[in-house]
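Below: the structure, in structure tokens.
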Amino acid sequence: MAISVVMPALELTQETGKLVSWRKKEGEAITKGETLLEVETDKAVVEVEALASGFLAGVNAKEGDVIAVGRTIAWIVEEGETPPGDESPATSAADATTKFVRQGTVQAASSGAAVSGEKPRISPKARRLATELGVTLDAIRGSGPGGEILASDVEGAAKSSATSPASIGNLEKLTSIGRLMAERTTQSWTAIPHFFLVREVDTTDLNAVREKLTSVSGDMQAVKITHTDLLVAIVSRVLLRHPRMNASYTAEGIQLHSGVNMAIAMAVSDGVIAAIIPNAHAASIVEIAEQRRDLAERAKAGKSRMQDLAGATFTISNLGMFRIDSFTAIIPSPQAGILAVGAIADRVVAIDGKPVVRSMMTLTLSSDHRVVDGARGAQFMDDLVQAIAEPQEYLG
């Protein structure tokens, strides 16, 4: 029986995906679990695996197409089987842009220019004048027929550049990941009622545990144990005692999650992604460290998989390695919270009324006030601080 290959959705709000490449050709044999295609989403380029074994047939989308989520773009058939009737061709990048313009999502470059993605015509005089005046043609809106760039447009751009302080320097265009990350953070910041709780925690024992784990022989030598790995383990276990922190706001009510899929914020070349360690509450330190390393390698190479990015219930963002003392983070919807982790540093603190130098770290919890109130957030932070200060119970 033929199995449809559809454009996958990684998040509830995702509407389209861009087909980056086919890993298999029409008629080529496929094994279930093999990488079939690569799709660019709002977060990364994701490898999509085949859901069945067979032969690739009925391909109706090409590389570069922007395709609606859920649309059939090919079929996996048995040997000798004919795929079902073709659907209409996949939406191209130009068609998608036109659709977004009609919906008011994207504004056309100018009233006279087409939205098909084609570059406007440029008169020979305008091209020569642009070279002489050092004007970038890509930034000019043409006033001629069909959006053609004329010499007068170049002269106007040169004059504006000479008089406008805002035009100093080059315009850095956003990648699709950078643009959509900006849209998502804006949406989260404006739609979610954030509140913030800050606590300092003594990391003396946590440091000792890390040193012990990184110095033992055996499997643990194969992967470096980081403070982030330890925090993933501790935070996920504490979250089990605070179900409202491991939840999501929905129109029907508050969705409580039975397990903790911990997302770790990771910097990539054109933005930040949140890669996920599933069921982190049940994973060992070694398993967490191995998964975190693999996730980071794939993210930096732009080869994150679907399961790397979908289904997070809570997020940790650690900027301690950049020597940031503390910061506040924006909650990734639809999660109820994110923990911002600052650098570990020696500080003078009072213990039993006496000044003592201790290794300290600042934690800042961002919470969705629709799901978590101040008291619940404070109780979670109190338990978390105690767990980090005495980590043996949570890292055994």
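The values are calculated or read from the model by the stated rules, or taken from the named source; none is laboratory data. Please read these numbers as outputs of a predicted model, since none were measured by experiment. Every residue, glycine as well, gets a Cβ built from its backbone with ideal geometry; the counts of neighbours run over all protein chains shown.
A few remarks follow.
- Hey, D346 farther than 13 Å from V235 by Cβ and in contact with a Ser or Thr (Cβ under 8 Å, 6 or more places away or on another chain) or not: yes
- Considering the range 287-377, there are no qualifying strands (runs of 3 or more DSSP E) wholly inside with 2 or more residues that are over 21 Å from D202 (Cβ atoms), free of Cβ contacts under 8 Å to residues at least 24 places away in the same chain and among the aliphatic types (A, V, I, L, M).
- Remark: pairs (first residue in the range 148-160, farther than 10 Å from A130 by Cα; second residue loosely packed, with under 15 Cβ neighbours inside 10 Å; Cβ separation under 6 Å; 6+ apart in sequence or on different chains) = E148/R121.
- Of the helices (runs of 4 or more DSSP H) that lie entirely inside the range 172-284, those containing 1 or more residues that are touching a strand residue (DSSP E or B) at 6+ places or on another chain (Cβ under 7 Å), of a type in the set (S, T, Y) and at pLDDT 95 or above span 204-215, 227-239.
- F327 aromatic (F, W, Y), assigned by TED's automatic domain parsing to the domain that holds I254 and surrounded by fewer than 22 Cβ atoms within 10 Å (Cβ to Cβ): yes
- Yes/no for S152 being at pLDDT 75 or above, outside any loop (DSSP other than H, G, I, E, B) and hydroxyl-bearing (S, T, Y): yes
- Scan of the range 23-50 for residues that are closer than 24 Å to T175 by Cα, touching a Leu at 6+ places or on another chain (Cβ under 7 Å) and modelled with pLDDT of 85 or more, ordered by number: R23, L37, V39, V48
- When A301, A336, A329 are screened for being small (G, A, S) and modelled with pLDDT under 95, only A301 passes.
- Within the set A280, A299, the sole residue that is more than 17 Å from the chain's Cα centre (by Cα), assigned by TED's automatic domain parsing to the domain that holds N246, buried (at least 22 other Cβ atoms within 10 Å of the Cβ) and farther than 17 Å from R210 by Cα turns out to be A280.
- Restricting the range 334-376 to residues that are buried (at least 19 other Cβ atoms within 10 Å of the Cβ) and of a type in the set (S, T, Y) leaves a set whose member that is farthest from H194 (Cα to Cα) is T362.
- Scanning the range 306-319 for residues that are farther than 13 Å from I277 by Cβ and either under 12 Å from the mean Cα position of the chain (by Cα) or among the β-branched types (V, I, T) (or both) gives a single hit, M306.
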